[in-house]
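Structure, as structure tokens:
The values are calculated or read from the model by the stated rules, or taken from the named source; none is laboratory data. Here the structure is a predicted model, which is why all the values come from computation and not from measurement. Note: ideal-geometry Cβ built from the backbone for every residue, glycine included; neighbour counts use all protein chains shown. SASA here: full protein model, heavy atoms, side chains in, ligands and nucleic acids out. Shrake-Rupley method; radii C 1.70, N 1.55, O 1.52, S 1.80 Å.
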Amino acid sequence: MKRPIAMIAGTGHAVPRKCLTNHDFASIGVETSDEWIVERTGIRQRYIAGDGESLTSLSADAARIAMKAAGVTAPELDVIILGTASPDRLLPATAVEVQAALGATRAAAFDLSAACSGWVYGMQVAEGLMAMGNAETVLVIGAETLSRIVNWKDRNTCVLFGDGAGATVLKRSTKGRGILSAFMRSDGTLADLLQRSAGGSLRPVTPEIIEDGSNCISMQGREVFKNAVRSMAEACDRALDGAKLSAADIDLLIPHQANIRIIEATAKHAGMPLEKVYVNVDRYGNTSAASIPIALDEAMRAGRVKEGMTVMFVAFGAGFTWGSIVVKF
Ligand code: COA
């Protein structure tokens with residue numbers, strides 16, 4: 001089947017009420033500094049879910065905004081795909097709770113586990129369902145409440161992540177608009193570099209595991225950094241090749257927002273000047289699967305993405321997983 005098949009008809013995002021700045025870490029006993037975090041990562045603040053906020057509530061809030069923008073009602077949704085690494089419960093999927101919260105009475109719903117690549121993977125799964133005629137209207141959400149699974153005693157990781165949700169409604173393509181190319185890959189030989197080693201069915205939670213924090217995120221930062229730069233570069237090349245475009249044809253690059261240095265290296269490799277790269281990692285931190293759809297929604301509302309523009313999205317995350325899509329708006 002010939003592309004484009006699926007187009008982005010509406011976007012939305014939601015973040016928790018509470019904002020935690022780099023300066024606030026002192027008050028929760030984390031030995032770090034604004035200077036260190038800004039210099040190494042570009043992050044200045046992040047949002048942290050509080051009482052009454054959950055992955056379901058953030059996802060549903062983002063989805064309602066996206067559905068309004070797309071002119072779609074909940075019963076019109078055929079499928080809800082939720083990319084996340086921090087589901088509210090391990091069973092059932094948070095996507096079905098979102099389905100219930102929205103009243104999406106006709107929708108199938110499932111979580112997709114590809115860490116920070118969750119939204120890029122989800123968009124490609126949605127496109128495939130639409131190509132096969134299994135769905136006409138699909139809600140793809142990337143959302144995280146990572147603050148609930150980071151180790152707040154580990155300054156190597158706890159300063160990096162934030163909570164939030166971004167949502168995208170896909171409809172059948174018209175006027176040549178939609179996904180022009182797509183690419184995804186994984187390498188599980190490197191799974192241990194960024195993981196939660198316990199808390200799953202292999203090593204269920206015990207008091208000892210809670211004590212040593214191995215049910216929380218752990219990471220070998222330098223190795224992750226190197227792989228992120230290499231894989232996001234490959235993903236840019238493959239997405240451009242697939243769409244038969246060059247960097248000059250791309251109006252905006254929206255990369256996964258993990259770290260300003262990774263974003264800059266990706267832009268440099270892709271041959272994209274920084275004015276054509278969307279950056280909000282300073283305000284949200286790394287929101288994993290939520291980072292790209294949050295950035296997209298901001299860019300749309302700020303008028304940086306307009307009809308007729310071509311945008312490249314590129315992601316990398318635990319697994320490792322990585323991928324990219326080029327979309328004509
Ligand atoms: N505040 C202050 N010092 C910190 C710190 C913090 N929050 N976190 C680590 N440090 C210290 C380390 O303990 C180390 O001290 P030492 O030399 O005395 O042992 C020093 O800073 C350097 O640590 P290092 O890990 O070598 O720093 P780095 O330059 O590699 O930067 C990261 C660390 C995490 C910012 C960087 O590796 C990175 O961004 N990796 C990718 C992470 C990522 O994006 N993950 C998600 C991918 S989707």
Check: Being within 16 Å of the ligand (Cβ to nearest atom) and either out of contact with any strand residue (DSSP E or B) (no Cβ under 8 Å at 6 or more places or on another chain) or under 21 Å from residue 151 (Cβ atoms) (or both), is that true of even one residue in the stretch 2-9?
Finding: no
Check: Is it the case that residue 56 is at pLDDT 95 or above, hydroxyl-bearing (Ser, Thr, Tyr) and either within 14 Å of the ligand (Cβ to nearest atom) or in contact with a Phe, Trp or Tyr (Cβ under 7 Å, 6 or more places away or on another chain) (or both)?
Finding: no
Margin query: Here is a check on your reading of the model: is residue 86 under 25 Å from residue 152 (Cα atoms), away from the ligand (no atom under 16 Å from the Cβ) and touching a helix residue (DSSP H, G or I) at 6+ places or on another chain (Cβ under 6 Å)?
Written below: no
Checklist line | Options 238, 203, 222: the member that is more than 13 Å from residue 320 (Cα to Cα), within 14 Å of the ligand (Cβ to nearest atom) and open to solvent by 60 Å² or more (accessible area, probe 1.4 Å) | finding: 222
Margin query: I'm told residue 211 meets every condition in (1) over 27 Å from residue 156 (Cα atoms); (2) of a type in the set (Asp, Glu); (3) in a helix (DSSP H, G or I) except one. Can you identify the failing condition by its number?
Written below: (1)
Notebook entry, point to check: residue 156 passes all but one of (1) over 22 Å from residue 280 (Cα atoms); (2) surrounded by fewer than 24 Cβ atoms within 10 Å (Cβ to Cβ); (3) touching a helix residue (DSSP H, G or I) at 6+ places or on another chain (Cβ under 8 Å); which number fails?
Noted result: (1)
Next item on the list: Evaluate the following for residue 190: is it in contact with a Lys or Arg (Cβ under 6 Å, 6 or more places away or on another chain), open to solvent by 40 Å² or more (accessible area, probe 1.4 Å) and farther than 20 Å from residue 64 by Cβ?
Entry: no
Check: Does any residue in the stretch 181-205 that is under 16 Å from residue 219 (Cα atoms) come within less than 8 Å, Cβ to Cβ, of a residue that is of a type in the set (Lys, Arg) six or more places away or on a different chain, and which pairs are these?
Finding: 197/203
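Conditions tested, residue by residue: (1) of a type in the set (Lys, Arg); (2) within 15 Å of the ligand (Cβ to nearest atom); (3) touching a Ser or Thr at 6+ places or on another chain (Cβ under 7 Å).
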| residue | (1), (2), (3) |
| --- | --- |
| 242 | no, no, yes |
| 251 | no, no, yes |
| 277 | no, no, no |
| 288 | no, yes, no |
| 312 | no, no, yes |
| 321 | no, yes, yes |
Notebook entry, point to check: Does residue 262 fit the bill of being within 23 Å of residue 122 (Cβ to Cβ), buried (at least 22 other Cβ atoms within 10 Å of the Cβ) and away from the ligand (no atom under 16 Å from the Cβ)?
Noted result: no
Margin query: Step by step: first the residues of the stretch 13-42, then only those that are within 9 Å of the ligand (Cβ to nearest atom) and hydrophobic (A, V, I, L, M, F, W, C), then the one that is nearest to residue 55 (Cα to Cα). Which residue is that?
Written below: 25
Check: Among 228, 233, which is the only one that is within 16 Å of the ligand (Cβ to nearest atom), assigned to a helix (DSSP H, G or I) and crowded, with 21+ Cβ neighbours inside 10 Å?
Finding: 228
Check: Do you know which of the residues in the stretch 139-171 that are of a type in the set (A, V, I, L, M) and not in a strand (DSSP E or B) is nearest to the ligand (Cβ to nearest atom)?
Finding: 159
